[in-house]
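Before I ask anything, let me first share the structure, which is written out below as structure tokens.
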Amino acid sequence: MHPYINELRKTHDLSEDICQSAFKLLMTYEKNTTAQHSIKVAAEAKLLAQTFGENGQRAEIVGALHDISDVIPPEKRLEIAECYRIEILPEERCFPLILHQKLSGLIAQQIFKIEDEELLAAISCHTTLRANPSKLDMILFIADKIKWDQKDRSSYIREMNKELEKSLEAAAYAFIKHQLENSAKLMVVHPWLVEAYDYLQQFI
Ligand SMILES: [Fe+2]
Ligand SMILES: [Fe+2]
């Protein structure tokens, strides 16, 4: 085990409720903004799950854990991903911040003892989505974007909310379309984002 993950394991109290425990871990590492954001994403994901016939509690858990890797300092991200043999794509090596989705999946598994592959997969693709996403993948992806504190949020939020009246696929597609149309603002275009876009076109 990587010494930093071992340190996190010691800090973490597994006896508590997962959502409370995730919040507490983020606060221990002074990630207040991420802790507040995660609470909002968990609530939004739960709501979306209830609307789209999915399990609200599972959605709440992935919402609470999706950015938990913020407790890993940026300079340790590549090293930890390599230590656990996480596949690192060229875009992730060039911009390791985007690795945080896979590292949150790692912490969910290693520290929070989540074994359910569907939960781990949703956490691990929450930023970029992926081809053939599960409903839970899309719920978390959308909840994260709705609760994302971006200055130009209003430019896509209205469109996403409108598309949500049709389907999760339509809302996810609307956001990715907006991202790709504004790709000059992105540090990298992650291949999973493009794959998700191509895949979702069949539902539009
Ligand atoms: Fe994130
Ligand atoms: Fe997030």
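The values are calculated or read from the model by the stated rules, or taken from the named source; none is laboratory data. Quantities reported herein were computed from a predicted structural model and do not represent experimental measurements. Cβ atoms come from the backbone with ideal geometry, glycine included; neighbour counts cover every protein chain shown. To get the accessible areas, we keep the full protein, side chains included, count just its heavy atoms, and leave off ligands, DNA and RNA. Shrake-Rupley method; radii C 1.70, N 1.55, O 1.52, S 1.80 Å.
List, please: which pairs have Cβ atoms under 9 Å, are six or more places apart or on different chains, and start with a residue in the range 90-102 that is in contact (Cβ under 8 Å) with a residue 12 or more places away in the chain and polar (S, T, N, Q) and end with one that is within 13 Å of ligand 1 (Cβ to nearest atom) and assigned to a loop (DSSP other than H, G, I, E, B)?
Filtered contacts from the range 90-102: Gln101/His66; Gln101/Asp67; Gln101/Cys125; Gln101/His126; Gln101/Thr127; Gln101/Thr128.
Is it the case that the range 146-162 has a residue that's closer than 19 Å to Arg58 by Cβ and crowded, with 16+ Cβ neighbours inside 10 Å? Reasoning before the result, please.
We begin by selecting, within the range 146-162, every residue closer than 19 Å to Arg58 by Cβ; these are 146-147.
When the remaining residues are screened for being crowded, with 16+ Cβ neighbours inside 10 Å, the result is 146-147.
For the range 146-162, residues closer than 19 Å to Arg58 by Cβ and crowded, with 16+ Cβ neighbours inside 10 Å: present.
Here's something else I'd like to know. Here are some residues: Gln109, Gln101. Which one is of a type in the set (S, T, N, Q), open to solvent by less than 40 Å² (accessible area, probe 1.4 Å) and modelled with pLDDT of 95 or more?
Values: Gln109 fails: open to solvent by less than 40 Å² (accessible area, probe 1.4 Å).
From the options Gln109, Gln101, the qualifying one is Gln101.
Do you know which residues across the range 125-137 are within 13 Å of ligand 2 (Cβ to nearest atom) and open to solvent by 10 Å² or more (accessible area, probe 1.4 Å)?
Thr127 - this is the single residue of the range 125-137 that is within 13 Å of ligand 2 (Cβ to nearest atom) and open to solvent by 10 Å² or more (accessible area, probe 1.4 Å).
Out of curiosity, is Ile80 in contact (Cβ under 8 Å) with a residue 12 or more places away in the chain and under 18 Å from Cys19 (Cα atoms)?
no
Please work out which residue is farthest from the chain's Cα centre (by Cα), limiting yourself to the range 20-42 and to residues that are more than 16 Å from ligand 1 (Cβ to nearest atom) and in a helix (DSSP H, G or I).
Residues of the range 20-42 more than 16 Å from ligand 1 (Cβ to nearest atom): 20-21, 24, 27-28, 30.
Narrowing the set further to residues that are in a helix (DSSP H, G or I) leaves 20-21, 24, 27-28.
Numbers: Gln20: 18, Ser21: 17, Lys24: 18, Met27: 18, Thr28: 20 Å.
Among residues in the range 20-42 that are more than 16 Å from ligand 1 (Cβ to nearest atom) and in a helix (DSSP H, G or I), the one farthest from the chain's Cα centre (by Cα) is Thr28.
Any residue at all in the range 90-102 that is among the acidic types (Asp, Glu), touching a helix residue (DSSP H, G or I) at 6+ places or on another chain (Cβ under 8 Å) and either closer than 25 Å to Asp17 by Cα or within 11 Å of ligand 1 (Cβ to nearest atom) (or both)?
Of the range 90-102, the ones among the acidic types (Asp, Glu) are 91-92.
Still in the list and also touching a helix residue (DSSP H, G or I) at 6+ places or on another chain (Cβ under 8 Å): 91-92.
Next, from what is left, pick out any that are either closer than 25 Å to Asp17 by Cα or within 11 Å of ligand 1 (Cβ to nearest atom) (or both): none.
No; the residues of the range 90-102 include none that is among the acidic types (Asp, Glu), touching a helix residue (DSSP H, G or I) at 6+ places or on another chain (Cβ under 8 Å) and either closer than 25 Å to Asp17 by Cα or within 11 Å of ligand 1 (Cβ to nearest atom) (or both).
Further question: When you look at Gln50, is it assigned to a helix (DSSP H, G or I) and open to solvent by 50 Å² or more (accessible area, probe 1.4 Å), yes or no?
Numbers: assigned to a helix (DSSP H, G or I): yes; open to solvent by 50 Å² or more (accessible area, probe 1.4 Å): yes.
Spelling it out, Gln50 is indeed assigned to a helix (DSSP H, G or I) and open to solvent by 50 Å² or more (accessible area, probe 1.4 Å).
Whether any residue in the range 65-87 is more than 16 Å from ligand 1 (Cβ to nearest atom), more than 21 Å from His190 (Cα to Cα) and touching a Lys or Arg at 6+ places or on another chain (Cβ under 8 Å) is what I want to check.
Checked the range 65-87: no residue is more than 16 Å from ligand 1 (Cβ to nearest atom), more than 21 Å from His190 (Cα to Cα) and touching a Lys or Arg at 6+ places or on another chain (Cβ under 8 Å).
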